[in-house]
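J.: Before I ask anything, here is the structure I am working with.
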Amino acid sequence: MGTSVLIADDLSRTDLARMDPLEVDSVRNNRRCSPRAAERSRLLASLATQSLIAEAELTPKPGLVDRRGSGAHSDLSLDLMRLSATVLQPYFVAMSSTSVGRDADSVLRQELAAIGREAECLMYKVTCGINTHKGAIWNLGLLIAAAARRESQTVREIAAAAGAIARLPDRPQPELITHGDMVRNRYGATGARGEASNGFPHVVEFGLPMLRERRAAKCSEEICRLDALLSVMSQVDDTCVLYRGGSEALTLVKSGAEAILMAGGYGSAHGQTLMRELGGQLIARHISPGGSADLLAATIFLDTVEREQNEIAKDQSEWEERDGAA
């Protein structure tokens, strides 16, 4: 990644000693990464990891892993999702510190892609080949890089900068047909890459507005995030859903999410009934809106960054209280 340079004089060896070797390399390779920038890089990475864990722990989600169990998945668990998110953090730091003060050009795009591929390899290693966060590495990696380039940006500015990076060419890679490729060829849905290239429209136009609308109405953080997820689910052509169940499944997910929101969201009694029904249908059909879950994590991340918070707020749900009492 880039050309190795001497460590900046104002970055002490004590600072480096606290960092993962991957993080040290990224700091060394970017002379603009001052102690302040290095600390902010670690914060952005921590927020990204916390966002992934917050998404996984949010309960009850239809068809997805949460505190109740594995949802529509036979190979996932909440512990595995937490582990996967945690091991990605040094790579998120590397993406952030690599981007400090950099122009959004093809060189930066290629460096970020190389870090992302390393992160993906480690993810598969620790999960024994299970895809826990491939889409999230792409989405959050780009958003972290965009946020790191300069401070005090709005959500729209970060999302637009991430989109600009996503649209830049990467070095040619071996042609491997992925699930996303198969869905794109059959249904025309562009998935995580299209979402990023377009500046995360489902996060900016649906997830975040719903999150903040519910928060302004004094709803619990659990309800705010669940309704933000439902808002995304009702609109996005989720490639995870299309791969598992085709157009019929996507219609079920979109209409089911919309019905819950029209009933008043998860904060209403009728909305909770409809959520249980939708969850049961998705589990029975082995359908998981995993793409929407990744966009919820991006929503939580961007919300926290724009508000300049140092950690992700916990949702004090009844499920968390039951866990604590167990």
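J.: Just to be sure I understand, how many residues within the range 224-248 are assigned to a helix (DSSP H, G or I) and buried (at least 22 other Cβ atoms within 10 Å of the Cβ)?
T.: Step one: filter the range 224-248 for residues assigned to a helix (DSSP H, G or I), giving 224-233, 239-248.
Remaining after also requiring buried (at least 22 other Cβ atoms within 10 Å of the Cβ): 224-233, 239-243.
Adding up the residues that qualify gives 15.
J.: In the range 137-163, how many residues are farther than 12 Å from ARG193 by Cα and open to solvent by 40 Å² or more (accessible area, probe 1.4 Å)?
T.: Final tally of qualifying residues: 8.
J.: Separate question: Return the pair list, or none, for Cβ contacts closer than 9 Å from residues in the range 234-248 that are within 10 Å of SER288 (Cα to Cα) to residues that are surrounded by fewer than 21 Cβ atoms within 10 Å (Cβ to Cβ) and modelled with pLDDT of 90 or more, at least 6 apart or on different chains.
T.: If the second residue must be surrounded by fewer than 21 Cβ atoms within 10 Å (Cβ to Cβ) and modelled with pLDDT of 90 or more, the pairs left are ASP238/LYS254; VAL241/LEU252; VAL241/LYS254; ARG244/ARG285; ARG244/HIS286; GLY245/LEU252; GLY245/ARG285; GLY245/HIS286.
J.: Do we have LEU168 as under 25 Å from VAL203 (Cβ atoms), open to solvent by less than 10 Å² (accessible area, probe 1.4 Å) and touching a residue at least 12 places away in the same chain (Cβ under 8 Å) here?
T.: So LEU168 does not fit the description; no.
J.: For ARG307, indicate whether it is surrounded by fewer than 21 Cβ atoms within 10 Å (Cβ to Cβ), closer than 19 Å to ALA54 by Cα and among the basic types (Lys, Arg).
T.: Values: surrounded by fewer than 21 Cβ atoms within 10 Å (Cβ to Cβ): yes; closer than 19 Å to ALA54 by Cα: yes; among the basic types (Lys, Arg): yes.
It is true that ARG307 is surrounded by fewer than 21 Cβ atoms within 10 Å (Cβ to Cβ), closer than 19 Å to ALA54 by Cα and among the basic types (Lys, Arg).
J.: From the residues in the range 252-293 that are part of a helix (DSSP H, G or I), farther than 20 Å from ALA217 by Cα and of a type in the set (D, E, K, R), which one is least open to solvent (accessible area, probe 1.4 Å)?
T.: For the range 252-293, the residue satisfying everything is LYS254.
J.: Any idea how many residues of the range 275-314 are under 19 Å from GLU248 (Cα atoms) and not small (Gly, Ala, Ser)?
T.: Count: 10.
J.: May I pose another question? Restricting to the range 249-282, give me the number of residues that are on the phi > 0 side of the Ramachandran plot and touching a residue at least 40 places away in the same chain (Cβ under 8 Å).
T.: Within the range 249-282, residues that are on the phi > 0 side of the Ramachandran plot and touching a residue at least 40 places away in the same chain (Cβ under 8 Å) number 1.
The values are calculated or read from the model by the stated rules, or taken from the named source; none is laboratory data. Only a predicted model underlies this, so the values are computations on that prediction, with no experimental measurement involved. FYI the Cβ positions are ideal-geometry reconstructions off the backbone, even for glycines, and counts take in every protein chain you see. Just so you know, the surface numbers come from the protein's heavy atoms only, side chains and all, with ligands and any DNA or RNA stripped out. Shrake-Rupley method; radii C 1.70, N 1.55, O 1.52, S 1.80 Å.
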